[in-house]
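Since the structure comes first, as structure tokens, the remarks are kept for the end.
Derivation of every value follows stated rules applied to the coordinates shown; laboratory data play no part. These figures come from a predicted structure and were not determined experimentally. FYI the Cβ positions are ideal-geometry reconstructions off the backbone, even for glycines, and counts take in every protein chain you see.
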Amino acid sequence: MIEAWRRAGRGNLVPILTVLLIIIGIWYLGAIRMNAQWERDQAARAGIELSLPELVSRTLSQDRPVLPAPHQVAEGLWQGVAGQAVTSRRSLVWHGWVTLSATLAGFAIGTAAGIVLAIGIVHSRAMDQSVMPWAVASQTVPILAIAPMVIVVLASIGVTGLLPKAIIAAWLSFFPVLVGMVKGLRTPDGMQLDQMRSWSAGGGRTFWHLRLPSSLPYLFASLKVAIAAALVGTIVGELPAGATAGLGARLLSGSYYGQTVQIWSALFAAAILAATLVAIVGLLERATLKRMGLAR
Amino acid sequence: MSAIPILGVWLAGLALNLWLARFDTRATRTAVALIFGATIILLWEMTVRIYQVPTVILPAPSLIAESVVANRSILWADFVQTILKGALSGWVIGAAAAVATAIAIDRSPFLQRGLLPIGNFVSALPIVGIAPILVMWFGFDWQSKAAVVVVMVFFPILVNMVAGLKATEPMQRDLMSSWAAPYWPALWKLRLPAAMPFLFNGLKITTTLALIGAIVAEFFGSPTRGMGFRISTAVGRLDLPLVWAEIVVAALAGTLFYGIVALIEKKVTFWHPSQRG
Amino acid sequence: MDASPLPRNAAIAPAAPVIEARGVSLTFQTADGPVHALKDVDLSIGRGEFVSFIGPSGCGKTTFLRSIAALETPTGGTLSVNGMEPDAARRARAYGYVFQAPGLYPWRTIAGNISLPLEIMGFSRAERAERIARVLDLVELSGFGAKFPWQLSGGMQQRASIARALAFDADILLMDEPFGALDEIVRDRLNEALLELWRKTGKTIGFVTHSIPEAVYLSTRIVVMSPRPGRITRVIESTLPAERPLDIRDTPEFIALAHEVREGLREGHAHD
């Protein structure tokens, strides 16, 4: 079985790389197309005629291209990560750390609150009927969109720095965890619960030996959603004017000054960060479920 | 001392709900949820009044309601700009593109194996971040917002649709094969209907994403209307009741959008076990 | 496509066999090495016969049925259906196939489900309505056409799936443990109904089962198979009359046949 999986994994590599190559190809063509207008205008103004190879090479090395070429973004990313001291304001590592710390703080708060409330909901019918409809309905509300407002309001009463962003991140990671955990804690069916009762196990024992273990697959599935949401929340929280630190602020300042390479680098830094965080949760998931014998 | 009425309301609401929850009928369950919501709003109002919380920090619900009524024409214009023009058009285009792509790569397992992991990966990324880029490309008006929404909703719907097209059992595909059904009738009569629950799952998740994309994109530049624009300028003027009024509209719009999609789902996938209830 | 009620009858002499297998083998390549699902299977089935395939799991009975239906491709030997390659026969819509589960589409009514193969095969609307009414009557489901599958019992769903396989009037009916998931009582009734239907329509039926009484009760011929490699160990001609009430199962003749089948199964087992 494991062997079969491994072969399937190997089998996917070639298609993924192919699709990636196609995307990069389209990207280069797009960069040439979208940046060509400016080069032609420049050339016309200078009264010179550009040959095609010249035009192509110029479109791929502009300072402020409409669409930076992949290698420019890679270079910007590399410059931002390795080309600066990590304490520098131009270092993506520094900005990334600002974003990451708020994300993790918020994620921890949101997850803890979600789990605690879920346990309460599973054990109290009044709480279940009061909170759950609102928790479910709140998933349809674009909470993220008001994140910048929260930052500004909190700043006006003197709360700045990591905390406001962490609050947004916590709020966004809270709901997936709550909904997933309630679902998970409820997976044991009547037969399993009756069996516990037949062994005259109390509420505590039923919780530790039945409900909690059966909820873990659901918990991890929602943790993956939650950490991605927390990161998005933090980045959006860094968007209001005045923010100077974090990947969101890099995006915003890039867009103010037309520094497209900076925007794309920040974007890819955020993507890499998101992928890493989700992957770490995924690894924890696999290790935990494997120890419990639940891994597929 | 001033905390006593607040505590009183809270305890009264709690006691009422604890009592009602024991009946556990459809009516009492709705009542419990409504009482909970009403209690929160009441507590909010009382707290703001008794402690004289500055409007800048937290306006009272009554003040927000007043602002909704007073600014209804502004709110409507913002709703049209952001929700109908930006979010809805982008969502429709993105969904159509995702479904078309899923069908286009349906006959190529190679492309599917390549595109699916990438789609799953992209779905977890902070895609709102492309908003500044797309605002640069498509200008300040709703077209750039729709473009952000297209990108945000495309991958979640694509991933769901591809999974849905795979969702038929081998036996049902064998049946089609035993009737020597050509590709298109089999797709049209078997696999598309079977994919509907998956498609609607994707459509429902992305309603919220569409609103978020449309609103957040306005923070990077917009004409002088739109919900994101209004929120950011009202915050600047410390007109918090108006900000909250926009939030109320956004919340209602989000719930309504989701509700309509869920209703269509109920009509289309009436046969699915989850809908038969 | 004439609408005359019934096709050729069993009474017509079996000139050429409808299904003919010569040295059919099928080997699956798996991670644990090759698996011989079928090895050197020879069998010919004449028009109007009711042939059961019985054997333990892994004996290749389902694989053989699927090969006839061109849902699997043999790796050796020759197989012909109606004198054609199985795949050509499939494209000519030579057979109706009934699976273990009804496999009805939940978004279509019973009538809509029966209509589906007819739509795919391009029958006119009027023709479809006429055929649906006829097969619903044949499986005693008249009046249930407008119901959705999930509103019917398991036995009724399986009858609907048989109706669906009958709707386009193929001469051959291939059934892969169609009643395996049903309880004994429902099964008895459906067995009786199936025999009645076979007598009325004169179709050639290939029937996979793992129930000895079912095989003996239904068949004109019982093919006993055994696993590793999947092969035919014995072919038993039924001595029972065409008219078979349910209590024929208590007659000494029936019990003797059942015994012979059991012997055949044990014999196959001894090779291990």
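Could you calculate the FRET efficiency of B:LEU42 with A:LEU193 from 1/(1 + (r/R0)^6), where r is the beta carbon distance between them and R0 is 45 Å, rounded to 0.05?
0.75
Roughly what percent of Cα-Cα pairs across chain A reach past 34 Å?
So the portion of pairs separated by more than 34 Å is 41 percent.
May I ask you to derive the FRET efficiency for B:ALA12 and C:THR73 from their Cβ-Cβ distance with R0 = 56 Å, giving the value to the nearest 0.05?
Computed FRET efficiency for B:ALA12 and C:THR73: 0.15.
How do A:THR206, B:THR30, A:THR260 rank when sorted from fewest to most other Cβ atoms within 10 Å of their own Cβ?
Least crowded to most crowded, the residues run B:THR30, A:THR206, A:THR260.
Can you pull out the trypsin sites (Lys or Arg not before Pro) in the stretch B:149-254 that DSSP calls coil and that have at most 11 other Cβ atoms within 10 Å?
Counting only loop positions with at most 11 other Cβ atoms within 10 Å, the trypsin sites (Lys or Arg not before Pro) in the stretch B:149-254 are B:ARG237.
In angstroms, what radius of gyration and Dmax does the stretch A:159-296 have, counting Cα atoms only?
Over the stretch A:159-296's Cα set, Rg and Dmax evaluate to 20.4, 70 Å.
At a Cα cut-off below 14 Å, give the aspartates and glutamates reachable from A:LYS224, other chains included and same-chain residues fewer than 8 away excluded.
A:LYS224 reaches A:GLU285.
How would chain B be classified by its alpha-carbon gyration tensor: rounded, prolate or oblate, with rounded meaning a/c under 1.5 and the a/b versus b/c comparison settling the rest?
oblate
About its Cα centre, how strong a charge dipole does chain B have in debye, to the nearest 20, once Lys and Arg get +1 and Asp and Glu get -1 at the Cβ?
For chain B, the charge dipole is close to 600 debye.
At a Cα cut-off below 17 Å, give the aspartates and glutamates reachable from B:LYS145, other chains included and same-chain residues fewer than 8 away excluded.
B:ASP78, B:GLU218
Going by Cα centres, the stretch B:177-201 and the stretch C:130-152 are how many Å apart?
Measuring centre to centre over Cα atoms gives 23 Å.
Once phi is turned into ³J(HN,Hα) by the Karplus curve 6.51 cos²θ - 1.76 cosθ + 1.60 with θ = phi - 60°, what whole-Hz value does each residue of the stretch A:197-203 show in order, with x for glycine and proline?
Values, residue by residue: 5, 5, 8, 6, 7, x, x Hz.
Check the straight Cα-Cα distances from B:LYS189 and name the lysines below 30 Å, setting aside those fewer than 8 residues away within the same chain.
By straight Cα distance, B:LYS189 reaches B:LYS166, B:LYS204, B:LYS266, B:LYS267, C:LYS147, C:LYS203.
For chain C, max minus min Cα coordinate along each principal axis, in Å, sorted largest first?
In descending order, the Cα extents are 54, 42, 40 Å.
Using a simple charge model, +1 on the beta-carbon of Lys and Arg, -1 on the beta-carbon of Asp and Glu, nothing else, what dipole does chain A show about its Cα centre, in debye to the nearest 20?
800 debye
Give me log10 I(q)/I(0) at q = 0.31 Å⁻¹ for the stretch B:3-53, Debye formula, one equal scatterer per alpha-carbon, no solvent.
The calculated log intensity ratios at q = 0.31 Å⁻¹ are -1.11.
If you place +1 on the Cβ of every Lys and Arg and -1 on the Cβ of every Asp and Glu, how big does the dipole about the Cα centre of chain C come out, in debye to the nearest 20?
Around 640 debye, computed over chain C.
How large is the helix-only mean residue ellipticity at 222 nm for the protein assembly as shown, computed as the sum of -39500 (n - 2.57) over DSSP H runs with n ≥ 4, divided by its residue count, in deg cm²/dmol to the nearest 500?
-21000 deg cm²/dmol
For labels at A:ALA221 and C:ASP250 in the simple 7 Å Cα→Cβ model, what's the distance in nm?
Placing both labels 7 Å beyond Cα along the Cβ direction yields 5.4 nm.
Pop a pseudo-label 7 angstrom from the Cα along the beta-carbon direction at both A:LEU284 and B:ALA65 and give the gap in nm to one decimal.
Placing both labels 7 Å beyond Cα along the Cβ direction yields 4.3 nm.
Using modelled backbone amide H atoms (1.01 Å from N, in-plane), which distant-in-sequence or interchain residues come within less than 5 Å of C:GLY76's amide H?
Distant-sequence amide H within range of C:GLY76: C:SER25.
Of A:ALA118, B:LEU63, B:PHE121, which is farthest towards the positive pole of the protein assembly as shown's charge dipole, taken about the Cα centre with +1 and -1 on the beta-carbons of Lys, Arg and Asp, Glu respectively?
Toward the positive end, the furthest listed residue is B:LEU63.
Using DSSP to define loop residues, name the trypsin sites (Lys or Arg not before Pro) in the stretch B:63-149 whose beta-carbon has at most 16 other beta-carbon atoms within 10 Å.
Answer by residue number: B:ARG107.
Could you tell me which of A:TYR218, A:ALA147, A:VAL136 has its Cα farthest along the dipole of the stretch A:92-291 towards the positive end, charges placed at Cβ (Lys, Arg +1; Asp, Glu -1), taken about the Cα centre?
Towards the positive end, the residue furthest out is A:TYR218.
Within chain C, what is the longest stretch that has no GluC sites (Glu not before Pro) placed in a DSSP loop and near at most 15 other beta-carbon atoms within 10 Å?
Answer from the scan: C:1-139.
Per 10 Å bin, what percent of the C-alpha pairs of the protein assembly as shown does each bin hold, from zero upward?
Going from the shortest bin to the longest, the percentages are 2, 10, 17, 18, 16, 14, 11, 7, 3, 1, 0.
So for the protein assembly as shown, taking the charge dipole from beta-carbon charges (+1 Lys/Arg, -1 Asp/Glu), which of B:ASN201, B:ALA31, B:LEU240 sits furthest toward the positive end?
Going by the Cα projections, it comes out as B:LEU240.
To the nearest Å, what is the center-to-center distance of the stretch A:31-62 and the stretch A:152-194, using C-alpha atoms only?
Value for the Cα centre distance between the two parts: 51 Å.
What is the spin-label model distance, in nm, from A:ALA36 to B:ARG225 if the labels are put 7 Å beyond Cα along the C-beta direction?
3.8 nm
Among A:LEU55, B:LEU20, rank each residue by its count of other Cβ atoms within 10 Å, from fewest to most, as a rough exposure measure.
A:LEU55, B:LEU20
Taking a spot 7 Å from the Cα of C:SER44 along the direction of its beta carbon, which residues of the stretch C:209-224 have an amide N less than 18 Å from it?
C:221-223
When DSSP assigns beta bridges and you keep just the ones with both residues in the protein assembly as shown, what percent turn out antiparallel, to the nearest 5?
55 percent
Loop-only chymotrypsin sites (Phe, Trp or Tyr not before Pro) in the stretch A:168-265, please: DSSP not H, G, I, E or B, and at most 10 other Cβ atoms within 10 Å.
Filter output for the stretch A:168-265: A:TRP199.
Sorted from fewest to most neighbouring beta carbons within 10 Å, what does the list B:ASP174, C:ASP42, C:ASP247 look like?
So the ranking, lowest neighbour count to highest, is C:ASP247, C:ASP42, B:ASP174.
Whole Å is fine, so just give me how far the alpha carbon centre of the stretch A:99-131 lies from that of the stretch C:193-272.
63 Å
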